[in-house]
1. With no solvent and one point on each alpha carbon, what is the Debye value of log10 I(q)/I(0) for the range 97-165 at q = 0.27 Å⁻¹?
2. Write down the radius of gyration of the range 180-232 and its Dmax, each obtained from C-alpha positions, in Å.
3. Rounded to the nearest 20 debye, what is the charge dipole size of the range 22-229 about its Cα centre when +1 sits on each Lys and Arg Cβ and -1 on each Asp and Glu Cβ?
4. Which residue, chosen from THR72, VAL127, GLN229, occupies the Cα position most advanced towards the positive end of the dipole of the range 22-229, where the dipole is computed from +1 (Lys, Arg) and -1 (Asp, Glu) charges on Cβ about the Cα centre?
5. Roughly what % of DSSP beta bridges within the range 22-229 run antiparallel, to the nearest 5?
6. Which lysines have a Cα less than 16 Å from the Cα of LYS22, not counting those fewer than 8 places away in the same chain?
7. Using only the alpha-carbon atoms, how far is helix 234-246 inclined from the longest principal axis of the chain? Give it as 0 to 90 degrees, nearest 10.
8. Out of the trypsin sites (Lys or Arg not before Pro) in the range 74-153, which ones are loop residues according to DSSP with at most 10 other C-beta atoms within 10 Å?
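Every number here is computed from the coordinates shown, using simple stated rules; none is lab data. As the structure is a prediction and not an experimental result, all values here were calculated from the model. Backbone-built Cβ (ideal geometry, glycine too); neighbour counts: all protein chains shown.
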Amino acid sequence: MSKFIAKPATSLSGNLKIPGDKSISHRSIMLGSLASGVTKVKGFLEGEDALSTLKAFQAMGVKIEREGDNVTIHGVGINGLKKPLKALDLGNSGTSIRLMSGILAAQDFDCELHGDESLSKRPMGRVINPLTKMGAVIESNDNGKPPLRIKGSQKLKGIKYDLPVASAQVKSCVLLAGLYADGETCVTEPAPTRDHTERMLKGLGYDVRVNENQMCLTGGGELTATEIQVPSDISSSAFFMVAAAIAPQADVTLTGVNVNPTRTGVINILQLMGANLTLSNEREIGGELLADIRIQSSELKGIKIPEQLVPLAIDEFPAVFIAASCAQGETTLTGAKELRVKESDRIQVMADGLNILGIENEVLEDGIKIQGGVFQNPAQMIESHHDHRISMSFAIASLRCDYPIEINGVDNVMTSFPNFVALANSAGMNITEI
Ligand code: S3P
């Protein structure tokens, strides 16, 4: 098990290129595999999660070649997947298991999906329920946890499904199953969630009808191969946005970041906190919006985070909590119960780490209150609970801590941001991985 030693640093600068978006990388493999023709992907995230999806589709007979972040997918068509020889191991990746359940529920073969210790604790009832309504047959462990055993050769029918939680993974799972279902499948979401599936389906020529908070498609169509340019991941970028905002001296530009409006909650939150953050060079590439983001040192103030921003920043809260720790006054987050079922319980695990750094906080059932302060000499090592975003969040706290911060169990940074340490150090941080 590796750990980070993040030594004090005070300045951060440079033009940084953050790796490709994880959500879009997963979807490029899934939809490229199901398309007819050859899909070329540029800027693919070479992280373990996206590679789990890639390997799973290879195991189902799809020829996929990768040279660095360039990936070529020889699509097998919507009905061309083959039964894998053994159970598919999806590692740490919730997106892989939830989205692929939708696709695999409709195949003419049985298969089993499983993952690591963290994935084995994550709730799958949220996808099993709607898929069962569509006619799928899926067995899970007690309490709806992986492994999932999906029975093949079931005829699916379209459903109208109201999402009980604002979840892009569940929405995508149901829509992907809908590609194979008889008739129309519609999903209604209680709040906007990332819409990369809808955008990419359209990019591959599938008719997806979006009307306010409802997305519908009709089964039986085909996908046509295309070229996909994966923009930089705003979730990975968030560590550098917060790092630059809290650093005593900072001027950082992140180039070509995905600013899809269903993902930009972190920008809104940091701006509400007073961050010196500006967007420029906004452009659209392959149906996704990109911008360059410049962040300079900022005097942050505590805020009450508007609840409607929560699903739009759902992966960025560990980093936002570090910003809140460095802000003047109190920051309150509510309406974020979903954080408890991510790669770790991100409310409790962040609170435990903040306690070690001497930051006053109060854990709420669905959020946290954080009192801005000064990081103290950490008396013990911080545990990441194998959660990549916890590891990176506490690493950037070193820009405001006079003592080294040690974070244990950082291996999972590889799932989403393999060059995090190199990039952070090139910009002025001082992180060692041992
Ligand atoms: C994702 C959706 C989100 C997010 C996850 C990626 C996706 O999960 O937390 O990292 O790619 O669809 P939920 O749908 O569970 O909110």
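1. -1.26
2. 12.1, 36
3. Around 220 debye, computed over the range 22-229.
4. After comparing all options, I get VAL127.
5. Antiparallel bridges make up about 70 percent of those DSSP assigns within the range 22-229.
6. Correct list for LYS22: LYS42, LYS55, LYS342.
7. That works out to roughly 10 degrees.
8. LYS86
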